[in-house]
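The values are calculated or read from the model by the stated rules, or taken from the named source; none is laboratory data. Because the structure is a prediction, the values reported are computed rather than measured. Because the Cβ atoms are built from the backbone with ideal geometry, glycine has one as well, and the counts that use them run over all protein chains shown. Ligands, DNA and RNA are stripped out before the accessible areas are found, and what is left, the full protein with its side chains, is counted by its heavy atoms. Shrake-Rupley method; radii C 1.70, N 1.55, O 1.52, S 1.80 Å.
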Amino acid sequence: MKRIAGLFPSLLLFVSAVGCDSTDRGGENPFFTAWDTPYGVPPFDRIRAGHFMPAFERGMSLMDAEIDAIVSSCDEPTFENTVLAYDEAGKMLAQTRLVFEMLCGAEIDDELRAVQERAMPMLAAHADRIRLNDKLFARIEAVYDRRAELDLDAEQQRLLQKTYDGFVRSGALLDAAGKARLAAINEELSVAAVKFGNNLLAENNGFVLELGAEQLDGLPAGVRDAAREKADELGLGGDKWAFTLHKPSLLPFLTYAKSRDLRERIYKAYLNRGNNGDEHDNKQLVNDFVRLRAEKARLLGYPSYAAYVVDGEMARTTDAVYGLLEELWTPALERAKGELAEMEELFRKDHPGQTFASWDWWYYAEKLRKKNYALDEEMLRPYFSLENVQSGIFFLANRLYGITFRPIVVPVYHPEATAYEVLDLDETRLGVLYFDYFPRAGKSQGAWCGNYVEQVYANGARVAPVVSIVCNFTRPAGGAPALLTLDETETLFHEFGHALHFLFHDVKYRGLTEVEGDFVELPSQIMENWAFEPEMLRSYATHYRTGETIPKHLVDKLRRSALFNQGFATTELLAASLSDMDIHSIGAYEPFDPIAFERNALNERRGLIPQIEPRYRYPYFSHIFDGGYSAGYYFYTWAAVLDKDAFEAFRESGDLFDRRIAAAFRREVLARGGSRDGMSMYRAFRGQEPDKTALLVARGLMERPAAEPDSLALRPPVPVPTTVPTTAPTTAPTTAPTTAPER
């Protein structure tokens, strides 16, 4: 998943640099002094939960003083003394928050949770005090009103525009009563987000399916070994096997367990997270989010919260979002119905007279794959050890961009985390990249990428970012290394794309780090396209025991099955995207049952078949309630149009590793940040606006058309330099993606 600029997005404007400049009250708080750690990483070995509140308090105080210096100036407002000064304010607070929010996602405990519950509403209120500061906005507005007279370059003009727009979207034009109410809403929303996330974490950790040996029919040895080790970890005894709601445990069980009753039991537990009428029930919080967000949108002059969110994205209007989702919905659902019909033939042989249900899909999809393609994912997994896949992404980054990765010894926040220094083609440091791969009780579900240290410029020099990829992959079991599923493999390529986006950052102004949300998944999703290409597989997919490269007959089977189950995958993704848009398109709130609302929106109005559940149901839809994707889950589909079309540039060249095209992608997309709007960046790379054809073909929703005047094959070539630059231009800022729990 992507989490935009940290796990809690209410202070996106304060993403910052490394280090702080102050004296430590007790000589111990690592946030009060500049870090002397190798490569500028956080001093995880010295950071304790008790350090955060004092650091937040000092950070807010310092930022308040910086803002006061701006608004109390008697000088005429200028770009330098107002807009730039504002852009540079709050660095200590931002650095503290980056570390805190990343740790809350990856390694939370009771102490951090207590800090989180106290700090998040306080930080939200502090952000509002700044964004709703009349005197500060008056100075920014004065500069904005004279923008045509000022001798500003393109980046300065963009920063001024984004700063002004950010204040307006945050309520700067409201009257005093409106500002007070908006601040109260934002504080309530921050509290609700913390509660929602903590409830979901408790639900994820609270269910265990405890089985005996006689209940393991159909499960492969590796799945059994992992369950046995989980039972040992939980202290259940040597004759027990344990399965949980974490995806590396849940999905193999749904795929292989012969017992239909047990599949139903674990899948219903997964579907009912946050919907059990207990202290972790999230349905009232869903109501609170919708009520507060609808009121916020009305205050700011929008008919719905969805309209408010989308107005700041590439899509611009909810009609454009719905247009794309609905265009894909009908063919995807029809394809899924065809997949179901094939599976039902197998199902009826096993369960005559019974009805195929949602917990049957994975089991019979795997049976159908074996029948149609003679392909079993278990025969593939030995070629996709975690070490191999990581080597593969390093190989790909080197092949495309010439960058290399060197393991380093630095402080880590958990013993399982590892770190690499990332070097550019000319051996200059791009940044540091952490990996944290396996599930544990203190980690949120899914996968994401974010910064511990944001790339900025300090004293004219680039500060290299510290980036982290966090996943929940299958653990090593039974003496074997961690063997990834195809989905986990693709996920690592995805998150690595976000990491490259961070690492290639070369942003002059902090306020220009962010791109539109529906653009930010382009750098991640494009990387997925390489994962299973034959030439790519030959570079990294080797058997963990024998060292044998994946044989051609398996690669051919994998390629032939590329469109297998795409109807299901696309439909469940679109269902979640539509339910997100629908709930945030509510204009006038009235109390409602989220489960009934979802059923009406998807099953009754749009014909979603009961055998397919939306990828996320409201009580556990972390993306949209505590993950920064409210009215934005469509981002993945919007960006899929971009990523599939962008990858066509490599296909058209005849070389999937064409460095000239990769250099153009880095220069025009990965190295630009928010210095230009997303469509301008895309056109600069591709030569024209994106075409949906490649996405429709990739999802199996249409055949690739023959070459015609408007076809992909006859597009103008990608504009690329005659030589490959060794580094990204220092004047071309990049973006700041992060990533969300599970897509």
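Residue count for region 245-261, restricted to those that are free of Cβ contacts under 8 Å to residues at least 60 places away in the same chain, open to solvent by less than 20 Å² (accessible area, probe 1.4 Å) and more than 25 Å from the chain's Cα centre (by Cα): 1.
Return yes when G277 is open to solvent by 20 Å² or more (accessible area, probe 1.4 Å), touching a helix residue (DSSP H, G or I) at 6+ places or on another chain (Cβ under 7 Å) and more than 30 Å from A477 (Cβ to Cβ) and no when it is not. The answer is no for G277.
Within the bounds of region 448-455, is there any residue that is out of contact with any Phe, Trp or Tyr (no Cβ under 7 Å at 6 or more places or on another chain) and open to solvent by 10 Å² or more (accessible area, probe 1.4 Å)? Taking every residue of region 448-455 in turn, none turns out to be out of contact with any Phe, Trp or Tyr (no Cβ under 7 Å at 6 or more places or on another chain) and open to solvent by 10 Å² or more (accessible area, probe 1.4 Å).
For beta carbons closer than 9 Å, sequence separation of 6+ or different chains, a first residue in region 512-528 that is farther than 20 Å from S630 by Cα and a second that is of a type in the set (S, T, N, Q) and open to solvent by 10 Å² or more (accessible area, probe 1.4 Å), the qualifying pairs are L512/S675; E528/T491.
For region 301-327, a residue qualifies if it is over 14 Å from S630 (Cβ atoms) and buried (at least 17 other Cβ atoms within 10 Å of the Cβ), and the qualifying residues are M314, A315, Y322, L324, L325. Within region 462-508, the set of residues being closer than 27 Å to L642 by Cα, modelled with pLDDT under 95 and not β-branched (V, I, T) comprises H505, D506, K508.
Just one of (1) acidic (D, E); (2) at pLDDT 95 or above; (3) open to solvent by 10 Å² or more (accessible area, probe 1.4 Å) fails for D24. It is (2). Does S358 qualify as being closer than 30 Å to P38 by Cβ, over 22 Å from the mean Cα position of the chain (by Cα), among the hydroxyl-bearing types (S, T, Y) and open to solvent by less than 20 Å² (accessible area, probe 1.4 Å)? Considered against the rule, which asks whether it is closer than 30 Å to P38 by Cβ, over 22 Å from the mean Cα position of the chain (by Cα), among the hydroxyl-bearing types (S, T, Y) and open to solvent by less than 20 Å² (accessible area, probe 1.4 Å), S358 comes out as no.
Name the residue that is farthest from F438 (Cα to Cα), counting only residues in region 448-478 that are without any contact (Cβ under 8 Å) to a residue 12 or more places away in the chain and either touching a Lys or Arg at 6+ places or on another chain (Cβ under 7 Å) or of a type in the set (G, A, S) (or both). Ranking the qualifying residues of region 448-478, first place goes to G460. Could you please tell me which pairs satisfy a Cβ distance under 7 Å, a separation of 6+ or placement on different chains, a first residue in region 673-687 that is at pLDDT 95 or above, and a second residue that is open to solvent by 10 Å² or more (accessible area, probe 1.4 Å) and assigned to a helix (DSSP H, G or I)? Going by the 7 Å Cβ cut-off, the qualifying pairs are M681/E668; A684/E668; F685/E668. Annotation note: of E233, E149, E229, E214, the sole residue that is of a type in the set (D, E), exposed (fewer than 15 other Cβ atoms within 10 Å of the Cβ) and within 28 Å of F384 (Cα to Cα) is E233. Criterion first (hydrophobic (A, V, I, L, M, F, W, C) and surrounded by 20 or more Cβ atoms within 10 Å (Cβ to Cβ)) does F625 satisfy it? Yes: the conditions hold for F625.
In this entry, L386 is excluded by the filter for residues that are open to solvent by less than 10 Å² (accessible area, probe 1.4 Å) and in contact (Cβ under 8 Å) with a residue 12 or more places away in the chain. Only helices (runs of 4 or more DSSP H) whose full extent lies in region 494-601 are considered here, and the ones with at least 3 residues that are open to solvent by 20 Å² or more (accessible area, probe 1.4 Å) are 534-540, 552-560, 566-584, 594-599. Assess whether A55 counts as being touching a helix residue (DSSP H, G or I) at 6+ places or on another chain (Cβ under 8 Å), crowded, with 23+ Cβ neighbours inside 10 Å and more than 21 Å from V470 (Cβ to Cβ). So A55 fits the description; yes. Residue count for region 242-259 satisfying the condition of being in contact with a helix residue (DSSP H, G or I) (Cβ under 7 Å, 6 or more places away or on another chain) and farther than 20 Å from E203 by Cα: 4.
Residues are listed down the side, and each one gets a yes or a no for (1) among the aromatic types (F, W, Y); (2) within 30 Å of R147 (Cα to Cα):
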position	(1), (2)
P38	no, no
G50	no, no
F56	yes, no
S72	no, yes
N81	no, yes
V99	no, no
D109	no, no
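When we screen L484, L430, L503 for residues that are closer than 29 Å to Q157 by Cα and touching a helix residue (DSSP H, G or I) at 6+ places or on another chain (Cβ under 7 Å), the only hit is L430.
Residues in region 404-458 that are at pLDDT below 95 and among the aromatic types (F, W, Y): Y457 only.
To keep it simple, each residue is scored yes or no on (1) without any contact (Cβ under 8 Å) to a residue 40 or more places away in the chain; (2) of a type in the set (V, I, T); (3) open to solvent by less than 10 Å² (accessible area, probe 1.4 Å).
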site: N372; (1), (2), (3): no, no, no
site: M379; (1), (2), (3): no, no, no
site: L396; (1), (2), (3): no, no, yes
site: L400; (1), (2), (3): no, no, yes
site: R406; (1), (2), (3): yes, no, no
site: E416; (1), (2), (3): yes, no, no
site: G431; (1), (2), (3): no, no, yes
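Do we find that D64 is of a type outside the set (A, V, I, L, M), open to solvent by 20 Å² or more (accessible area, probe 1.4 Å), in a loop (DSSP other than H, G, I, E, B) and out of contact with any strand residue (DSSP E or B) (no Cβ under 7 Å at 6 or more places or on another chain) in this structure? Answer is no for this residue.
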